[in-house]
Amino acid sequence: MKKKMMCLIAVLSIFTLSADAAQGVRSTPITVSMPVVCNVGEVVDLSGRLQTVITFTRNSRRGSAGAHLNVNAQGVAGTGEITGRTFQASGKRDVFLDRSLLNGATTVGTKVWFLVTGAPGPDGSVPSFGLQAYVWVTFHANGTVTLKFNNFTTDCGDGAGLWDY
């Protein structure tokens with residue numbers, strides 16, 4: 001059994017949206033090894049990309065910025081380290097943010113969640129768990145937006161088996 005617990009816990013993307021209203025797309029690679037105790041019972045190695053479409057709106061008169069993030073798990077898949085069972089993440093999450101820029105850069109974080117399902121077992125059961133991460137968005141007064149994913153966790157749906165890494 002592999003002894004690694006996690007390959008990568010944070011990814012950082014920086015891009016500029018300089019107009020008062022702009023849209024950008026960022027595809028961020030992730031690689032994580034997550035212990036999953038709920039109905040899986042093994043470490044699952046996942047990798048793929050989180051595609052984020054961000055629509056940024058800056059209100060120069062109010063000194064504020066707003067953003068709509070659409071985060072989509074693209075090709076996030078992996079394998080259980082013990083059984084070799086394959087897993088696939090799915091889903092997209094919409095996040096709405098609004099922050100003041102009067103004091104310069106401001107950072108806000110929120111949680112995103114994706115469903116990860118496994119291949120059917122010998123008994124026909126299909127194991128699943130939630131993969132959660134925090135997405136941190138920094139709005140800079142010059143229009144630069146910094147996007148970071150970290151603090152990946154697994155969740156059984158009822159809060160049991162929650163592991164933070």
Difference of contour (0.36 nm per residue) and Cα-Cα distance, Asn70 to Asp98: 8.6 nm
Label-point separation in nm, Thr138 to Thr57, each point 7 Å along Cα→Cβ: 2.6
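Computed from the coordinates by the stated procedures, all read-outs in this text should not be read as laboratory data. Nothing here was measured: the structure is a model prediction, and the numbers come from that model. Note that we place each Cβ from the backbone using ideal geometry, even for glycine, and neighbour counts take in every protein chain shown.
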